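Report on one structure; see the data block that follows.
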Amino acid sequence: MTNTCRFRALTALFAAFALILALASPALAAGDSVSWDEMAYEHYDPAAFDALLEDFSAAAKDGDEEKVLALYDELYDAFLLVCTYDTIASIRNSQDVNDTYWSDELVYCDALSARMTDSFRLACHDALDGPCADALAGHIGPDAAEALRDYEPLTDRELELTQRESELVNEYYALIDTLPDTVYVYDGEDWTLDRLYGPDGAALDYAASDEIFYGIYANLAEDVAEVYRELVSIRTEMAQLAGYDDYNYFVYDNIYPRDYTPEQAQDLFDEVKELAVQLYASPVTDMTDRVAPAYDTQEDMLAVVREYAPQVDPVFADAWQFLTENGLCDVSAGPGRSDQAYTTSLPAYHCPFIFGSQTGSPDALTALFHEFGHFTADWLTEPENYLTSYPVLDVAEIQSTGLELLMLPFYDEIYDQGADIARYQTMNKALVDVTDQAIFAEFESRVYADPDQYATADALSQLYNDLSVEYGYSDIGSDPTWITVHHFFALPDYVVSYVTSALAAIQIWDAARTDWRAGADVYMDILRQGSGDLDYFAVLADAGLKSFDTPGVATEVCGRLWDAMTALESEILNGPTPAPEDDAPEETPPAETPEEDVLDVETHGLASATDAAPASEKPDVLA
């Protein structure tokens, strides 16, 4: 079911988000696939589309059912083509954020796809109120027909705001790409992050290093805050035009339609906040010098995915073959690349695409497993209609984070001697997906609830610091590292779904510790549903998982993860403690180790809020 306001607003940000949100795409039939290198791009001229639209509307008024259905199919194909061009431009822009051709084309495609979506939906809305209504409804399906009957067209002002929003997002990415070159003057000398992380920085004391680090971010924050201030203003106006006072409520109802309210989300944040204060009050062991080995090429990382993801289900082998045969993944390295990782959709070719970057750390492989979960879910399922379907992020992110955690038992083979530290880092990431993403989500909630209060770099940096303190982090006075959280700019109010989905994914991990196959089966049941037009609470109930609104669930779930992490940390620092034989897991894959079930110590090293800031999901697009 799609309500009127929701559907109207979906168009308002369609260009900016619909493809980034990786609407589910099916596997092509054998012989029909097209490789990434063969996917052509051209600057689309909408004149032919507009002419078809006029013919469609005329035929609908005349009651010519055969012609209406034929023209609808032509229009739909053209619509998918432009959406695909938009995705291609987005990927090319991510491959080199400094290439102005692709950044300009992305802005053009964003605006064009928004206009075409609006005009196509409006024409269908009118046709469904005429003599061809029954024929068209039967052709497109009852759910799509109901949504299109409820559709309200965008105003010229809404279309104008959508285009400006796209421009500002690109401005942000260009600005944040200059962070490595941003200078802070300390003791009369210029300092950049590269110099700070080199031999010169190693000679500094902590106070000097701290001043330079935050000074670099603060200098760039002045310009970034101006972009963010205008984005918040534009989005607030969008919400007001749709009848909302607060953009947060607009998003929850319309952009990422959710089954819960901002008030329910705040209740979750409050529980996570109380939990985080308790956890982070424990003594912290510095483990930053313990680094797991990394896979440093795309080919090596994809080989690992091929070896281990199919242990969950053979469908991952099929998805991997489709991905590699068609070149639908780019997680390479190079200058000018965006540091995002996301899965997006190429709807004209009915296939997803993974973008990421080779970071030289184990995080890159973890991110690839994450995105491959998205990819496989999207590859398996198709929305009824791209004009009307929407993704449910709270389910989609279970499909990604769940695969990350199901890979933990195989780390002894994947990382050999570095297995324990790599396992620790992945578990820590899952915990951070709850705690730090709650900080990010509450940051956005407060900004959009009172835009005037947070209209400057100083105010935003103060808010970010104050929230971090509320969640148990140290008070540093002002924290400008919020500028690296790209979701604030490109995917507003997305990150709450990382929190809700992580709680579900950790429950799958917990079940898999004693019966890995049972946990994997729960995961696969969720993955096979895709991510479109679902009821989040129903999906979790059917899977036997607790939803985030269950009292105490965050404390319970994260507490188990914390205990496993502290036990693993003790083993890393002190060597393994043998578990009693009768405590062995009931069923595990060959590489499983039981160390997560033993010991209960109180020390633990967590990533800082700033370490986690560039949460490289798209998007996760799907972030």
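Considering only the stretch 389-397, I want to know if a residue exists there that is within 27 Å of Pro347 (Cβ to Cβ) and of a type in the set (Phe, Trp, Tyr).
Checked the stretch 389-397: at least one residue is within 27 Å of Pro347 (Cβ to Cβ) and of a type in the set (Phe, Trp, Tyr).
What's the total number of residues in the stretch 185-214 that are part of a helix (DSSP H, G or I) and either touching a Pro at 6+ places or on another chain (Cβ under 9 Å) or surrounded by fewer than 18 Cβ atoms within 10 Å (Cβ to Cβ) (or both)?
14
For the stretch 291-312, which residues satisfy the criterion of being in a loop (DSSP other than H, G, I, E, B) and either touching a Leu at 6+ places or on another chain (Cβ under 8 Å) or of a type in the set (Phe, Trp, Tyr) (or both)?
Ala294, Tyr295, Val312 - these are the residues of the stretch 291-312 that are in a loop (DSSP other than H, G, I, E, B) and either touching a Leu at 6+ places or on another chain (Cβ under 8 Å) or of a type in the set (Phe, Trp, Tyr) (or both).
Take the conditions of a type outside the set (Val, Ile, Thr), under 21 Å from the mean Cα position of the chain (by Cα) and either buried (at least 18 other Cβ atoms within 10 Å of the Cβ) or modelled with pLDDT of 95 or more (or both) and apply them to Asp330. Does it pass?
Here the answer is yes, as Asp330 does meet what is asked.
Among the residues of the stretch 222-277 satisfying the criterion of being open to solvent by 10 Å² or more (accessible area, probe 1.4 Å), at pLDDT 95 or above and of a type in the set (Lys, Arg), which is nearest to Thr484 (Cα to Cα)?
Arg229
With among the polar types (S, T, N, Q), buried (at least 16 other Cβ atoms within 10 Å of the Cβ) and in contact with a helix residue (DSSP H, G or I) (Cβ under 7 Å, 6 or more places away or on another chain) as the only criterion, which of Ser94, Ser103 stands out?
Ser103
For the stretch 363-385: of the residues being in a loop (DSSP other than H, G, I, E, B) and either of a type in the set (Val, Ile, Thr) or open to solvent by 10 Å² or more (accessible area, probe 1.4 Å) (or both), which is farthest from Asn93 (Cα to Cα)?
Across the stretch 363-385, the extreme among qualifying residues is Glu384.
Pairs needed: first member in the stretch 480-492, under 22 Å from Gly215 (Cβ atoms); second member anywhere, of a type in the set (A, V, I, L, M) and assigned to a loop (DSSP other than H, G, I, E, B); C-beta distance under 6 Å; at least 6 residues apart or different chains.
Thr481/Ala613; Thr484/Ala613; Val485/Ala613
Show the residue pairs that are 6+ apart or on different chains and have beta-carbon atoms under 7 Å apart, the first residue being within the stretch 441-467 and more than 19 Å from Glu237 (Cα to Cα), the second being part of a helix (DSSP H, G or I) and acidic (Asp, Glu).
Every condition considered, the pairs that remain are Ala457/Glu222; Leu467/Glu442.
Looking at the stretch 146-177 only, could you name the residues that are within 23 Å of the chain's Cα centre (by Cα), open to solvent by 20 Å² or more (accessible area, probe 1.4 Å) and not aliphatic (A, V, I, L, M)?
Gln163, Arg164, Glu167, Asn170, Glu171, Tyr173, Asp177
From the list Asp416, Asp458, exactly one residue is part of a helix (DSSP H, G or I), modelled with pLDDT of 95 or more and open to solvent by 10 Å² or more (accessible area, probe 1.4 Å). Which is it?
Criteria check complete, one pass: Asp458.
Quick test for you: out of Ala511, Ala541, Ala554, pick the one residue that is more than 30 Å from Ser166 (Cα to Cα), modelled with pLDDT of 95 or more and crowded, with 24+ Cβ neighbours inside 10 Å.
One residue alone meets the criteria, Ala554.
So which residues in the stretch 316-327 are assigned to a helix (DSSP H, G or I) and within 23 Å of the chain's Cα centre (by Cα), if there are any at all?
Within the stretch 316-327, Phe316, Ala319, Trp320, Phe322, Leu323, Thr324 meet the criteria.
Please go through the stretch 9-64 and pick out each residue that is of a type in the set (Gly, Ala, Ser), part of a loop (DSSP other than H, G, I, E, B) and at pLDDT below 50.
Ala18, Ala22, Ala24, Ser25, Ala27, Ala29, Ala30, Gly31
Those residues that are out of contact with any His (no Cβ under 7 Å at 6 or more places or on another chain), of a type in the set (Phe, Trp, Tyr) and either open to solvent by 60 Å² or more (accessible area, probe 1.4 Å) or farther than 22 Å from Tyr101 by Cα (or both), I need them from the stretch 29-85; list them, please.
Phe49, Phe56, Tyr76, Phe79
Could you grab me the full set of residues in the stretch 429-443 that are of a type in the set (D, E, K, R) and either surrounded by 24 or more Cβ atoms within 10 Å (Cβ to Cβ) or in contact with a Leu (Cβ under 7 Å, 6 or more places away or on another chain) (or both)?
Asp433, Asp436, Glu442
With the checklist (1) buried (at least 24 other Cβ atoms within 10 Å of the Cβ); (2) closer than 30 Å to Tyr184 by Cα; (3) under 17 Å from the mean Cα position of the chain (by Cα) in hand, flag the one item Pro480 doesn't pass.
Here Pro480 clears every test but (3).
Quick test of your reading of the structure: Met287 fulfils all but one of (1) under 30 Å from Pro391 (Cα atoms); (2) of a type outside the set (Asp, Glu); (3) modelled with pLDDT under 85. Name the failing condition by number.
(1)
The values are calculated or read from the model by the stated rules, or taken from the named source; none is laboratory data. Since we're looking at a predicted model, the values are computed, not measured. Quick reminder, even Gly has a Cβ in these numbers, built from the backbone with ideal geometry, and neighbours come from all protein chains shown. What goes into the accessible areas is simple: the full protein's heavy atoms, side chains included, and nothing from ligands, DNA or RNA. Shrake-Rupley method; radii C 1.70, N 1.55, O 1.52, S 1.80 Å.
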